[in-house]
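What follows is a short report on a single structure.
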Amino acid sequence: MKFIFKLTLLLFVLITCVHCKQNKTATEESSSNNKQIQYATGFSIENHIGYSIVTVKNPWPKATKTYRYILKEKNGIVPNSLQQNPIIDVPIKSIVVTSTTHIPSLEMLNEEKSLIAFPNLNYISSEKVRALIDAGKVKELGNNKSLNTEVLIDLQPDVIIGYGIDNNNPTLDNLQKSGLQVMLNGDWNEETPLGKAEWIKFFGALFGKQKEANKIFSKIANDYFKTIQIAKKTTTKPTVLAGDMFEDKWYLPRGSSWGSQLLKEANADYLWAETKGTGSLTLSFETVLEKAQHASIWITSGQFESLKEMADANPHYNQFSAFQQKKVYSFTRKKGGILYYELAPNRPDIVIKDIVKIMHPELLPHYELYFFKKLK
């Protein structure tokens, strides 16, 4: 009797230990999953045996709805509790994206050939994708507000990556009703440079290349932080003016915006760094002139390619010291669209090097500007 009791007790202890170990493993897995995304606030990835869960939390400002997508691997079994969510078979073979900021992720993952359609092909800067366009392998979809549904239904992409400005996107809704898989991407709504860049992991999960995406992002982040450390070697902080006039208003980044953060990390004194918010400030010419007339450096919006163009657009620009001293910089490199708008959000490591080179050229003596150029 004592033997049976001891055996029963032993089995109970073993089962309890196994149960504890399973719970610990599940907890560790959950913790590991949560740590996959370090800087982005708009999405998360949870890996499970046979499937992953991608949750998009903030696809547009003040979004109140969370979107969950199940990425199902071959022979993977999705639990009944998740069956109500969109289920996408991965790795995908074909994709449609709707923002140029999505394209660098495809290229860095060597998956640009999976792109089969895009709205407004003229906006694309990637040389590899432009070659595919010239070869007729990427179809035109019109514009984002009214994507060519017939072309998309005919192409049957594995997934369409859309984005929303608000909760009203009837085109994407109609595509889903037609049986096409649609995922929302909120990279543009991230508020930090590394947060934007980390969305490569979103695409890595779709292509079954999470390890590759993690490795790419880690290198970007490491290089980004190395450059910041270099910028800290100087105590000088040149004053910076940004933006320019458009339709009688001066547009420049707010203090918490992506661009303002990069200037701060580059050890520069952006004159509107103390303003709140992440969008654009809209000011009068007189207000900007009063505060920034003697700014050391001027970074324009990218609409000008020379100082003469600036002066022709507004002769009052020559009242600024930075203009007089020819210390005006712009991101005007083009190939299709403006490269900066497409690639810069994905490569803050390059942008920060450019800005440090502009602000403190002595710190990076052998580095050549990639996105920006000094206007002549």
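The values are calculated or read from the model by the stated rules, or taken from the named source; none is laboratory data. Keep in mind that what you see is a predicted model, and the values were worked out from it rather than measured. All Cβ positions, even for glycine, are placed from backbone atoms using ideal geometry, and neighbour counts span all protein chains on display. Keep in mind that these areas ignore ligands, DNA and RNA; they rest on the heavy atoms of the full protein, side chains included. Shrake-Rupley method; radii C 1.70, N 1.55, O 1.52, S 1.80 Å.
Details
- The chain: most fluctuating residue of Lys326, Lys177, Lys226 per GNM, C-alpha cutoff 10 Å: Lys177
- Long-range HN-HN contacts of Thr275 with modeled amide H, under 5 Å: Gly255
- Taking the inverse of the mean 1/r over every pair of distinct Cα atoms in the chain gives a Kirkwood hydrodynamic radius of 23.2 Å.
- Which of His366, His316 is most accessible, then next, and so on - probe 1.4 Å: His366, His316
- Annotation: amide H of Val182 within the under-5 Å range of Ile160, sequence separation 5 or more or interchain, hydrogens built in the peptide plane.
- Largest accessible area first, the residues Lys62, Lys264, Lys201 order themselves as Lys62, Lys264, Lys201 under a 1.4 Å probe with ligands, DNA and RNA left out.
- Each residue of segment 317-326 is assigned a 3J(HN,Hα), and the resulting list reads 4, 6, 7, 8, 4, 4, 5, 4, 8, 6 Hz, derived from the Karplus form 6.51 cos²θ - 1.76 cosθ + 1.60 (θ = phi - 60°), x at Gly and Pro.
- Relative contact order computed over the chain (Cα-Cα under 8 Å; 6+ residues apart), in percent: 14 percent
- Pairs from the list Lys93/Lys357; Lys201/Lys291; Lys62/Lys233; Lys237/Lys326; Lys177/Lys201 with a Cα-Cα gap above 30 Å: Lys93/Lys357; Lys201/Lys291; Lys62/Lys233.
- For segment 82-159, averaging the sequence separation of C-alpha pairs within contact (under 8 Å, six or more residues apart) and dividing by the residue count gives a relative contact order of 36 percent.
- Applying the criteria of a DSSP loop state and at most 13 other Cβ atoms within 10 Å to the GluC sites (Glu not before Pro) of segment 323-372 yields Glu368.
- Estimated at the nearest 10 Å², the accessible area of Thr239 is 40 Å² with a 1.4 Å probe.
- Put simply, the amide H of Lys139, placed in the peptide plane, has neighbours under 5 Å in Ala117, Phe118, leaving out anything fewer than 5 places away on its chain.
- In order along segment 88-101, the phi-based Karplus estimate (6.51 cos²θ - 1.76 cosθ + 1.60, θ = phi - 60°) of 3J(HN,Hα) comes to 10, 6, 10, x, 6, 10, 9, 8, 10, 10, 10, 10, 5, 5 Hz; Gly and Pro are listed as x.
- Ligands, DNA and RNA aside, Arg347 has an accessible area near 60 Å² when probed at 1.4 Å.
- Listed by chain and number, the aspartates and glutamates whose C-alpha is less than 17 Å from the C-alpha of Lys72, apart from same-chain residues fewer than 8 away, are Glu46, Asp89, Asp158.
- Distance between segment 32-81 and segment 209-267 - C-alpha centres, whole angstrom: 28 Å
- Positive end of the dipole of segment 143-251 (Cβ unit charges, origin at the Cα centre): among Pro193, Thr227, Ile165, the Cα lying farthest that way belongs to Thr227.
- Within the chain, DSSP assigns beta bridges of which about 55% are antiparallel (rounded to the nearest 5).
- Prolate/oblate/rounded call for segment 39-125, Cα gyration tensor, a/c under 1.5 rounded: oblate
- Take Tyr39: with every protein chain present and a 1.4 Å probe, its accessible area is about 80 Å².
- Mean-square fluctuations from a GNM of the chain, with a 10 angstrom spring cutoff on Cα atoms, peak among Thr282, Thr64, Thr149 at Thr64.
- Probing with 1.4 Å while keeping every protein chain in the model, the per residue accessible area of segment 32-186 equals 51 Å².
- Estimated 222 nm signal from helices in the chain, with DSSP H stretches of n ≥ 4 weighted -39500 (n - 2.57), rounded to 500: -11000 deg cm²/dmol
- With all protein chains in place and ligands, DNA and RNA left out, the 1.4 Å accessible area ranks Tyr341, Tyr251, Tyr51, Tyr317 as Tyr341, Tyr251, Tyr51, Tyr317, largest first.
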